Amino acid sequence: MAFKDLLALVRSPRQRSVFDIAGALAAEHGAGLSMLHLVELPAPVTEPFGEAIWTELCAAARDRAGEQLARIAARLKQCDPGAELRQLETFTGADDEALAYEMMHADLVVMERPGDAIARAALETALFKSGRPLLLTPPDWRAPLGRRIMVAWTPTREAARALADAAPLIERAEAVFIVTVDGRPSRFAETGPGVDIAAHIARRGIDVEIRPVERGGRSIEQTLLEEAETMGADLIVMGGYGHSRLREVVFGGVTRTLSETSPLPVFMSH
Amino acid sequence: MAYKDLLTIVTRANGDAAFAVAETIAARWPCHVAGLHVAELPQMLASANGAELWADVTTKIRADNAADRAQVSERLRKFDPPGEMRSVETFAGAIEDAVAYNALHADLVVMERSNDPLNGAVQEAVLFKSGRPLLLAPSDWRAGRIGRRILVAWSAKREAARAIADAAPLLEGAEQVAVVTVDAKPPFGASSPPILRAAASMSICGTSMV
């Protein structure tokens with residue numbers, strides 16, 4: 001199994017980790033790579049005086065975008081000469097149908113860990129509207145990924161989706177760990193946490209190690225990141241937003257924290 | 001790409017179509033086959049004679065369910081290797097989570113299409129709570145090829161994108177795939193219809209696209 005179509009999202013030519021990782025994945029899987037330069041315009045203004053200023057600001061933003069596009073094209077050519085490059089304009093609060101449309105025609109969306117509202121919106125579009133998985137890269141990531149994969153497992157549809165979508169990576173891994181946090185034996189089976197999913201993955205001919213972990217006063221996010229460091233993981237696979245976004249904004253949550261701060265690449269589906 | 005872990009869900013003993021489909025899939029992709037028999041128990045009746053009446057009714061229902069399960073078990077033994085037998089027998093409110101738990105540990109769920117309300121509830125549990133794809137067979141389906149000529153109903157929505165990804169083993173093995181859109185408009189200033197983009201993105205080798 002291999003990825004056939006990758007979509008890499010960049011805000012600027014400086015997002016090196018996206019170029020590196022998308023290029024490496026495309027080479028390893030023999031996948032076609034498309035890059036989408038996401039250009040932020042100021043939000044539209046309709047009031048007459050404001051509209052004139054907005055038009056000027058847009059023109060300036062488009063000029064800058066044009067310069068960036070040239071540098072993005074040059075960098076892209078180095079990592080994958082056959083890759084396609086497109087530009088998509090957006091603004092805060094924009095309708096994301098066009099972006100969702102782009103994403104759903106790929107097997108995997110790759111973007112840097114979100115650092116601003118536009119990027120966070122793109123992350124949510126990927127998770128909630130595209131039906132495709134998302135790979136988030138830490139800005140300074142240079143190494144290969146997917147040699148040692150930590151699957152953060154709960155028996156939920158989001159985690160099941162992420163695991164299924166990550167199959168091309170899991171099949172190529174040297175080591176795969178199923179990590180459960182404060183897991184309890186399921187109500188529906190007499191097996192311990194992670195045992196059933198490990199058996200399912202084993203049917204693909206992949207050996208996994210089950211690592212049940214107790215929080216012991218730490219947050220779930222902290223527990224997962226510390227465990228990932230202990231096992232030397234270079235990729236986390238997890239379900240995204242098993243709890244509602246609003247709840248995570250208000251109370252904090254695993255998806256929000258890991259997507260914004262994880263020092264490792266994170267592969268997620270919703 | 002292949003299906004390696006198949007779950008067949010039946011709500012009556014005669015899930016013939018579901019098992020026929022499972023056999024066809026298992027013949028094409030050697031896989032682990034599990035059969036899940038789902039049965040509903042009545043809610044407790046809260047009235048003067050309620051408890052006793054409920055106990056009588058439930059005893060009869062449990063006996064019927066056990067007989068059904070025996071038949072399912074027998075049917076599973078005909079798979080090579082023999083399929084794994086599982087069962088869920090619980091109250092209406094608890095059925096969805098139990099079904100979802102089983103389904104999310106499979107690559108593909110196979111069921112028979114029927115108007116039975118329990119069947120409907122089980123299908124919804126698979127579709128909304130398991131994250132895994134569902135293959136629905138007409139109740140009179142018994143044998144034949146699946147996936148030689150495939151029609152993809154494309155809507156440019158995430159559900160369709162997911163379905164196409166999950167159907168990859170079938171799409172890759174098809175002789176012909178037709179992508180159909182209904183009343184679609186070219187999106188976002190593009191001049192080509194959504195169909196062509198969808199067809200191109202499926203990247204199916206050696207299959208003629210219609």
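The values are calculated or read from the model by the stated rules, or taken from the named source; none is laboratory data. Since the structure is predicted, the reported quantities are computational estimates derived from the model, not experimental observations. As a convention, Cβ positions derive from the backbone with ideal geometry for all residues, glycine included, and neighbour counts pool all protein chains shown. Keep in mind that these areas ignore ligands, DNA and RNA; they rest on the heavy atoms of the full protein, side chains included. Shrake-Rupley method; radii C 1.70, N 1.55, O 1.52, S 1.80 Å.
For residues that are more than 14 Å from chain B (Cβ to nearest Cβ) and open to solvent by 30 Å² or more (accessible area, probe 1.4 Å), tally how many sit in the range A:173-191.
The number of residues fulfilling the criteria is 3.
Give me a count of the residues in the range B:134-161 that are within 21 Å of A:LEU163 (Cβ to Cβ) and either more than 10 Å from chain A (Cβ to nearest Cβ) or open to solvent by 20 Å² or more (accessible area, probe 1.4 Å) (or both).
So in the range B:134-161, the residues within 21 Å of A:LEU163 (Cβ to Cβ) come out as B:134-135, B:158-159, B:161.
Adding the requirement that they be either more than 10 Å from chain A (Cβ to nearest Cβ) or open to solvent by 20 Å² or more (accessible area, probe 1.4 Å) (or both) leaves B:134-135, B:158-159.
Selection size over the range B:134-161: 4.
Do we have A:THR191 as β-branched (Val, Ile, Thr) and closer than 25 Å to A:ASP234 by Cβ here? First the steps, then the outcome.
Numbers: β-branched (Val, Ile, Thr): yes; closer than 25 Å to A:ASP234 by Cβ: no.
Against the criterion (β-branched (Val, Ile, Thr) and closer than 25 Å to A:ASP234 by Cβ), A:THR191 does not qualify.
Looking at (1) within 14 Å of chain A (Cβ to nearest Cβ); (2) closer than 23 Å to A:SER130 by Cβ; (3) more than 17 Å from the chain's Cα centre (by Cα); (4) exposed (fewer than 15 other Cβ atoms within 10 Å of the Cβ), which is the one condition that is false for B:PHE128?
Failed condition: (3).
Taking the range A:223-244 on its own, how many of its residues are without any contact (Cβ under 8 Å) to a residue 24 or more places away in the chain and either open to solvent by less than 60 Å² (accessible area, probe 1.4 Å) or farther than 17 Å from A:PRO138 by Cα (or both)?
Of the residues in the range A:223-244, 3 are without any contact (Cβ under 8 Å) to a residue 24 or more places away in the chain and either open to solvent by less than 60 Å² (accessible area, probe 1.4 Å) or farther than 17 Å from A:PRO138 by Cα (or both).
With the requirement that a residue be open to solvent by less than 30 Å² (accessible area, probe 1.4 Å) and touching a residue at least 40 places away in the same chain (Cβ under 8 Å), what does the range A:100-111 give you?
Residues of the range A:100-111 open to solvent by less than 30 Å² (accessible area, probe 1.4 Å): A:100-106, A:108-111.
Scanning the range A:100-111 gives A:GLU102, A:MET103, A:HIS105, A:ALA106, A:LEU108, A:VAL109, A:VAL110, A:MET111.
Quick grid of which residues meet (1) open to solvent by 20 Å² or more (accessible area, probe 1.4 Å); (2) assigned to a strand (DSSP E or B); (3) among the polar types (S, T, N, Q):
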position	(1), (2), (3)
A:PHE3	no, no, no
A:LEU9	no, yes, no
A:SER12	no, no, yes
A:PHE19	no, no, no
A:GLU28	yes, no, no
A:LEU33	no, yes, no
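When the residues of the range A:117-145 are narrowed to those that are within 14 Å of another protein chain (Cβ to nearest Cβ) and open to solvent by 40 Å² or more (accessible area, probe 1.4 Å), which ends up nearest to A:THR257 (Cα to Cα)?
Out of the qualifying residues, it is A:GLU124.
Report, by residue number, each residue of the range A:61-85 that is in contact with a helix residue (DSSP H, G or I) (Cβ under 9 Å, 6 or more places away or on another chain), open to solvent by less than 60 Å² (accessible area, probe 1.4 Å) and not small (Gly, Ala, Ser).
A:ILE72, A:LEU76, A:CYS79, A:ASP80, A:LEU85, listed by residue number.
Looking only at the range B:11-33, count how many residues are within 14 Å of another protein chain (Cβ to nearest Cβ) and without any contact (Cβ under 8 Å) to a residue 40 or more places away in the chain.
1
Within the range B:96-117, how many residues are of a type outside the set (Asp, Glu) and within 11 Å of chain A (Cβ to nearest Cβ)?
The first filter runs over the range B:96-117 and keeps only residues of a type outside the set (Asp, Glu), leaving B:98-106, B:108-111, B:113-115, B:117.
Going one step further and asking which of them are within 11 Å of chain A (Cβ to nearest Cβ), we end up with B:98-106, B:108.
Total satisfying the criteria: 10.
Could you run through the range A:69-101 and say how many residues are basic (Lys, Arg), closer than 16 Å to A:ARG11 by Cβ and more than 14 Å from chain B (Cβ to nearest Cβ)?
Within the range A:69-101, the subset basic (Lys, Arg) is A:71, A:75, A:77, A:86.
Filter again for closer than 16 Å to A:ARG11 by Cβ, leaving A:71, A:75, A:86.
Keeping just the survivors that are more than 14 Å from chain B (Cβ to nearest Cβ) gives A:71, A:75.
Adding up the residues that qualify gives 2.
Mind counting the residues in the range A:74-97 that are of a type in the set (A, V, I, L, M, F, W, C) and farther than 30 Å from A:PHE128 by Cβ? Talk me through it step by step, then tell me what you get.
Let us first name the residues in the range A:74-97 that are of a type in the set (A, V, I, L, M, F, W, C), namely A:74, A:76, A:79, A:83, A:85, A:88, A:91, A:94.
Adding the requirement that they be farther than 30 Å from A:PHE128 by Cβ leaves A:74.
Matching residues across the range A:74-97 total 1.
Within the range A:154-169, can one find any residue that is closer than 20 Å to A:VAL254 by Cα and away from every other protein chain (no Cβ under 14 Å)?
No, there is no match, as no residue in the range A:154-169 is closer than 20 Å to A:VAL254 by Cα and away from every other protein chain (no Cβ under 14 Å).
Quick test of your reading of the structure: A:LEU264 fulfils all but one of (1) assigned to a loop (DSSP other than H, G, I, E, B); (2) of a type in the set (A, V, I, L, M); (3) modelled with pLDDT under 95; (4) under 24 Å from A:GLY115 (Cβ atoms). Name the failing condition by number.
Result: A:LEU264 fails condition (3) only.
Out of A:ILE53, A:ILE72, which single residue is in the same structural domain as A:LEU123 (by TED's automatic domain parsing), under 20 Å from A:PRO138 (Cα atoms) and part of a helix (DSSP H, G or I)? Steps first, answer last, please.
Working: A:ILE53 fails: under 20 Å from A:PRO138 (Cα atoms).
Unique residue meeting the criteria: A:ILE72.
Which condition number does A:VAL45 fail, the rest of (1) within 25 Å of the chain's Cα centre (by Cα); (2) outside any helix (DSSP H, G or I); (3) among the aliphatic types (A, V, I, L, M) being met?
Of the numbered conditions (1) within 25 Å of the chain's Cα centre (by Cα); (2) outside any helix (DSSP H, G or I); (3) among the aliphatic types (A, V, I, L, M), the odd one out for A:VAL45 is (1).
Identify all residues within the range A:4-28 that are within 14 Å of chain B (Cβ to nearest Cβ) and more than 22 Å from A:ALA98 (Cα to Cα); write none if there are none.
Filtering the range A:4-28 for residues within 14 Å of chain B (Cβ to nearest Cβ) gives A:4-7, A:26.
Matches in the range A:4-28: A:ALA26 only.
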